[in-house]
Amino acid sequence: MSQTIASSSLPTIAFIGGGNMASAIIGGLIRQGHAAGNIEVVEPYEPTRAALLQSYGITAQAAPTAALQRAEIVVWAVKPQTFKDAAAQTRAHTQQALHLSVAAGIRSDSIAQWLGSERIVRTMPNTPALVGLGQSALYARPAVSTAERQSVEAIMASTGEFLWVESEKQLDAVTALSGSGPAYVFYFLEAMTRAGVGMGLSEQQAHQLAVGTFVGASELARRSDEPPAVLRQRVTSKGGTTYAALQSMEAAGMGANFEAAMRAAELRAHELGDEFGA
């Protein structure tokens, strides 16, 4: 289900990290009418700061300053391995804020310890947020109020669709499914394009057909009340071309191997929490 929330409900927001995911959220907020002047960004990498200025008119800071104290929400868009150090540098300026983490794997227990706050929400978005078609899952610690949940929803609604999970452990599965999921789609698009070229199409033709097929099939699945298995069966006539392709995939163990790959992603998400957590 798509959610749309009025940008007027959004408070002053600070981003620790200004990379792709932060940029996707910032872009979504500004498209919804959130003022650039109510967004603070801390980003040590100068080219990224320059890109934020050019794209959104936001002057990002290289290091945390007292300006962060006006932020009611702090979005942690840092790499898992740098989160602890970033928290140590920022903690003194953000005691008043609600914290929203988009860092993969880092558990809220660790974040709470590093920041000295129980008001923490974790989310796992994905890169289609860059075009407003993201899928995000959210988990809130008990100290987060209903009003604060709604503020977080307003932020994530600017990037696409979202849902809440009741168990933080479920975020590892979300990471494996939708967080890493765009890479799986791109992987298949690469393979389909290569195959198309190998069968005599130009690269441009193969790419257009592959991408268009994913877009169309995904939209059909979105609009349909029937499960993907039924939609697949409707395309598959026994003894036909689709049947031949699917039989080849099954013989190669593609389904089982793909599930195993997702389990590997889930395991790595869990390991990140162990490796870089408190």
Criterion violated by Lys238 - all others in (1) touching a residue at least 40 places away in the same chain (Cβ under 8 Å); (2) not in a helix (DSSP H, G or I) satisfied:
(1)
Pairs, first closer than 19 Å to Ser151 by Cβ in segment 110-136, second part of a strand (DSSP E or B) and acidic (Asp, Glu), C-beta under 8 Å, six or more apart
Gly134/Glu161; Ser136/Glu161
Out of segment 86-102, which residues are closer than 15 Å to Ile73 by Cβ and of a type in the set (S, T, N, Q)?
Thr90, Thr94, Gln95, Gln96, Ser101
Cβ pairs under 9 Å, 6+ apart, first in segment 201-216 and in contact (Cβ under 8 Å) with a residue 40 or more places away in the chain, second in a helix (DSSP H, G or I) and of a type in the set (D, E, K, R)
none
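So that you can scan it fast, the table gives a plain yes or no per residue for (1) within 25 Å of the chain's Cα centre (by Cα); (2) among the polar types (S, T, N, Q):
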position: Lys169; (1), (2): yes, no
position: Val174; (1), (2): yes, no
position: Ser178; (1), (2): yes, yes
position: Tyr187; (1), (2): yes, no
position: Gly196; (1), (2): no, no
position: Gln204; (1), (2): no, yes
position: Glu219; (1), (2): yes, no
position: Ser224; (1), (2): yes, yes
position: Arg232; (1), (2): no, no
With respect to Ala206, is the statement that it is surrounded by 13 or more Cβ atoms within 10 Å (Cβ to Cβ), closer than 25 Å to Met249 by Cβ and hydrophobic (A, V, I, L, M, F, W, C) true?
yes
Is it the case that segment 183-200 has a residue that's surrounded by fewer than 17 Cβ atoms within 10 Å (Cβ to Cβ) and not in a helix (DSSP H, G or I)?
yes
Report, by residue number, each residue of segment 133-147 that is under 19 Å from Ser23 (Cα atoms) and surrounded by fewer than 16 Cβ atoms within 10 Å (Cβ to Cβ).
Leu133
Determine if segment 189-199 includes at least one residue that is free of Cβ contacts under 8 Å to residues at least 40 places away in the same chain, hydrophobic (A, V, I, L, M, F, W, C) and touching a Phe, Trp or Tyr at 6+ places or on another chain (Cβ under 9 Å).
yes
Matching strands (runs of 3 or more DSSP E) fully within segment 87-147 where at least 1 residues are among the charged types (D, E, K, R) and modelled with pLDDT of 95 or more
120-124
Restricting segment 165-210 to residues that are of a type in the set (A, V, I, L, M, F, W, C) and out of contact with any helix residue (DSSP H, G or I) (no Cβ under 8 Å at 6 or more places or on another chain), the residue that is farthest from Gly105 (Cα to Cα)
Met199
If only one of Arg263, Arg149 is more than 30 Å from Asn38 (Cα to Cα), of a type in the set (Lys, Arg) and within 29 Å of the chain's Cα centre (by Cα), which one is it?
Arg263
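For every residue, the table says whether it meets (1) in a helix (DSSP H, G or I); (2) charged (D, E, K, R); (3) closer than 18 Å to Val185 by Cβ.
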{"position": "Gly216", "(1), (2), (3)": "yes, no, yes"}
{"position": "Leu220", "(1), (2), (3)": "yes, no, yes"}
{"position": "Arg232", "(1), (2), (3)": "yes, yes, yes"}
{"position": "Ser248", "(1), (2), (3)": "yes, no, no"}
{"position": "Phe258", "(1), (2), (3)": "yes, no, yes"}
{"position": "Leu267", "(1), (2), (3)": "yes, no, no"}
So which residues in segment 29-63 are surrounded by 21 or more Cβ atoms within 10 Å (Cβ to Cβ) and over 13 Å from Thr12 (Cα atoms)?
Val42, Glu43, Leu52, Ile58, Ala60
Residues (assigned to a helix (DSSP H, G or I) and in contact with a His (Cβ under 9 Å, 6 or more places away or on another chain)) located in segment 156-174:
Asp172
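The values are calculated or read from the model by the stated rules, or taken from the named source; none is laboratory data. Just so it is clear, the structure is predicted and the values come from calculations on it, not from any experiment. Backbone-built Cβ (ideal geometry, glycine too); neighbour counts: all protein chains shown.
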